[in-house]
Amino acid sequence: MLLKALLKVPLMLRHGSCGPYVPAAASPPRVVPRPALTSRLGTSHSLFTQTLTDMADDDTVTELTQEDAPIKARGLEGVIALESSLSSIDGDTGTLIYRGYDIRDLTAHATYEEVIYLLRHGALPTRSELDEFTAHLRSERSLPGPVLDLLRNAPDDSPPMAVLRTAVSALGMYDEEAEVLERAANCRKADRILAQIPTIIAAFDRLRKGRDPVPPLDHGSMAHNFLYMLNGEEPHAAAEKTFDVCLVLHADHGLNASTFTSRVIGSTLSDMYSAISGAVGALKGPLHGGANQEVMRMLLDIDEQDADPAAYVRERLADGDRIMGFGHRVYNTMDPRAAILRDMMRELSEEAGEMKWYEYTAAIHDAMEAETGIAPNVDFFSGSIYYQLGLAPDLFTTIFALSRTAGWTAHLLEQWSDNRLIRPRAQYVGARGRTVSPIDER
């Protein structure tokens, strides 16, 4: 009876933009109690009633047998799980688009902030819209005091991605809107998370090195502010532009593992901080986010041994080792992001007067093409670029997370605009017909 009554509540469409920024009432950071369901969902209850409809649909599902099971795919490879208007990948032509714009066009003519706005709203911002949006992002850069204390107390040898995952989760305890699922509140939370993740990464890196965190600037781009907080000095224009392009390139990439994780969590009507923490956890895995770190370790190993890069690769291949930074689950040709970063890496190396990292990567690229025919992906070039910008290799995946938060938050907003609980089935292949024996007879 309760289910039928709730399903009679009118649905309210939640599509569309977040609208103009409306600040929430300011208050000191504190642990926020979970609001009642009405305050979390708003008066329409549309997200909740849709989920109840999904639960009602599940009542008609019967157990699948081997004969009547639908197509199964390990790792869900090739499975279309949902529809999205955010990004599209053509693996045969090596094409990546965000909201209809080719990635090459965006890296040449748009900033990371513009891409965040594009992914969220579906259109590039006007000058006034961009000014308002960036001003709000800048106003949210500082961390709550208890979260900064958490970073101070983290062991110096903690994996940076573990620290980031924990800190993002902690942010939710000091946001009074954390449990509110109305779209405007979710947009504000997305902005806070986007603005504060760079501060978390930079502060932790300095603290583990025995340095004081550098407070965020109240001006400048996200790329400029992050490099400033990380290195303690304002970056030159070329470094800022290079880092901004890296952020644009990693902002979204279809329904990858971490994005899917965020949408699965979001589909349960959990909060944005839980969903982003889960996405960070998925990205932490070496099969998803750690490849560029391994590429840089390989380059450092080559440099330390003074080895010939091509011979080094051939020896590794002969031993059956995998060369990280090559091949991709989606692309059958060269990753378009890799082609952009290859050219930027050469320019950055020439400007710095240090060509060895570029020369190593070029030699490895040629050797891999000759030996395997496998094309490089974005991780092959991004690692050495980050290294030249002053980042330690174990920070590389956190930069991936910093950038991909634009996509994660946009996907969550898209998920909640027409929510359905994501609940796939598993094909049972275990034993049947067993009975319990008395414990002394087992």
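Modelled spin-label separation between residue 212 and residue 123, with each label point placed 7 Å from Cα along the Cα-to-Cβ direction: 4.6 nm.
Would you mind ranking 85, 349 so that the residue whose beta carbon has the fewest other beta carbons within 10 Å leads the list?
Details: 85 11, 349 19.
Ranking 85, 349 by Cβ neighbours within 10 Å, fewest first, gives 85, 349.
Distance between the 7 Å Cα→Cβ label points at residue 71 and residue 333: 2.4 nm. Below 20 Å, Cα to Cα, which aspartates and glutamates can residue 284 reach? Residues fewer than 8 away in the same chain don't count. Partners within reach: 156, 157, 205, 252, 294, 379, 394.
Remark: relative contact order (the stretch 310-442) = 26 percent; criterion is Cα-Cα distance under 8 angstrom and separation of 6 or more residues.
Here the residues 437, 403, ranked from fewest to most Cβ neighbours within 10 Å of their Cβ, fall in the order 437, 403. Annotation note: GluC sites (Glu not before Pro) in the stretch 336-442 located in DSSP loop regions with a Cβ neighbour count of at most 15 within 10 Å are 354. Full extension of the chain between residue 439 and residue 132 gives 103.6 nm of extra length, using 0.36 nm per residue less the Cα-Cα distance. For the stretch 291-388, rounded, prolate or oblate, judged on the Cα gyration tensor with a ≥ b ≥ c (square roots of eigenvalues), a/c < 1.5 rounded, else prolate if a/b > b/c? Oblate shape, in that a/c is at least 1.5 and b/c is the bigger or equal ratio.
Multiply the residue gap between residue 343 and residue 315 by 0.36 nm, knock off their C-alpha separation, and tell me the result in nm, one decimal place. Walk me through the numbers before you get to the answer.
Working: separation 28, 0.36 × 28 = 10.08 nm, distance 2.75 nm.
Residue separation times 0.36 nm, minus the Cα-Cα distance, leaves 7.3 nm.
FYI, it's all coordinate maths here, none of it is from the lab. Fair warning: this is a prediction, and the values are worked out from it, not measured in the lab. Here Cβ is always computed from backbone atoms with ideal geometry, including for glycine, and neighbour counts include all displayed protein chains.
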